[in-house]
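Trainee: Below is one structure. I have some questions about it.
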Amino acid sequence: MFENLPKFVFFTGKGGVGKTSLACATSVNLADAGQKVLLVSTDPASNVGQVFDTRIGNHIKPIANVPGLEALEIDPEAAAEDYREKILGPIRASLPEKAVASI
Ligand SMILES: Nc1ncnc2c1ncn2[C@@H]1O[C@H](COP(=O)(O)OP(=O)(O)O)[C@@H](O)[C@H]1O
Ligand SMILES: [Mg+2]
């Protein structure tokens, strides 16, 4: 099952189907096999930190007991706002106020 996985693997589906469990188990399995793994959660109520008994948050954090595994819990609202600002920031002054407000 873990052979020839693509570079990016997504676990998606409604709440309670096992996304977190399978993403964590897969990540540990790959890291144990010598791969360098970044486990990213975009769940605003992520419990990946709880699984590994550590605080993760919005910065990449190495998982102490699993060499090769790092994790990141992206806050989707904050990430969208950062992106909006990155695009809008440099051109804000040259746009009409009304246009800026509508973006
Ligand atoms: N393969 C599985 N077999 C049985 N129970 C599972 C399995 N995967 C997850 N669970 C259980 O189902 C519940 C929800 O799993 P979780 O990984 O938190 O789902 P999600 O992240 O999709 O909300 C948990 O109690 C978990 O222990
Ligand atoms: Mg989950």
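The values are calculated or read from the model by the stated rules, or taken from the named source; none is laboratory data. In this text the structure is predicted, and so the values were computed from the model without any measurement. Neighbour counts run over all protein chains shown; Cβ positions are idealised from the backbone, glycine included.
Trainee: Could you list, in sequence order, the residues of the stretch 35-65 that are in contact with a strand residue (DSSP E or B) (Cβ under 7 Å, 6 or more places away or on another chain), among the small types (Gly, Ala, Ser) and farther than 16 Å from VAL9 by Cβ?
Mentor: Within the stretch 35-65, SER46, GLY49, GLY57 meet the criteria.
Trainee: Right, something else. When you scan the stretch 1-101 for helices (runs of 4 or more DSSP H) that lie fully inside it, which ones turn up with 1 or more residues that are surrounded by 10 or more Cβ atoms within 10 Å (Cβ to Cβ), within 13 Å of ligand 2 (Cβ to nearest atom) and touching a residue at least 60 places away in the same chain (Cβ under 8 Å)?
Mentor: By residue number, no helices (runs of 4 or more DSSP H) qualify.
Trainee: Sticking with this structure for a sec: Conditions: (1) hydrophobic (A, V, I, L, M, F, W, C); (2) touching a Pro at 6+ places or on another chain (Cβ under 8 Å); (3) modelled with pLDDT under 95. LEU69 meets all but one. Number of the miss?
Mentor: The failed condition is (3).
Trainee: Return yes when ILE87 is within 16 Å of ligand 1 (Cβ to nearest atom) and of a type outside the set (Asp, Glu) and no when it is not.
Mentor: So ILE87 fails the test.
Trainee: What do you reckon, is ARG55 charged (D, E, K, R) and touching a helix residue (DSSP H, G or I) at 6+ places or on another chain (Cβ under 7 Å)?
Mentor: yes
Trainee: Which residue is nearest to ALA80 (Cα to Cα), if the candidates are limited to the stretch 46-61 and must be away from ligand 1 (no atom under 16 Å from the Cβ) and more than 13 Å from the chain's Cα centre (by Cα)?
Mentor: Looking at residues that are away from ligand 1 (no atom under 16 Å from the Cβ) and more than 13 Å from the chain's Cα centre (by Cα), I get ARG55.
Trainee: Same structure again: For residues that are within 13 Å of ligand 1 (Cβ to nearest atom) and touching a helix residue (DSSP H, G or I) at 6+ places or on another chain (Cβ under 8 Å), scanning just the stretch 36-45, find the one that is farthest from THR20 (Cα to Cα).
Mentor: PRO44
Trainee: Within the stretch 27-35, identify whether any single residue is touching a Gly at 6+ places or on another chain (Cβ under 6 Å), among the hydrophobic types (A, V, I, L, M, F, W, C) and under 17 Å from LYS61 (Cα atoms), and answer yes or no.
Mentor: Checked the stretch 27-35: at least one residue is touching a Gly at 6+ places or on another chain (Cβ under 6 Å), among the hydrophobic types (A, V, I, L, M, F, W, C) and under 17 Å from LYS61 (Cα atoms).
Trainee: Here are LEU69, LEU95: which of them is more than 16 Å from ligand 1 (Cβ to nearest atom) and in contact with a Leu (Cβ under 7 Å, 6 or more places away or on another chain)?
Mentor: Selected residue: LEU69, the only one of LEU69, LEU95 that is more than 16 Å from ligand 1 (Cβ to nearest atom) and in contact with a Leu (Cβ under 7 Å, 6 or more places away or on another chain).
Trainee: Taking the stretch 1-38 as the search range and keeping residues that are within 15 Å of the chain's Cα centre (by Cα) and of a type in the set (Phe, Trp, Tyr), which one is farthest from PHE52 (Cα to Cα)?
Mentor: The extreme case among them is PHE8.
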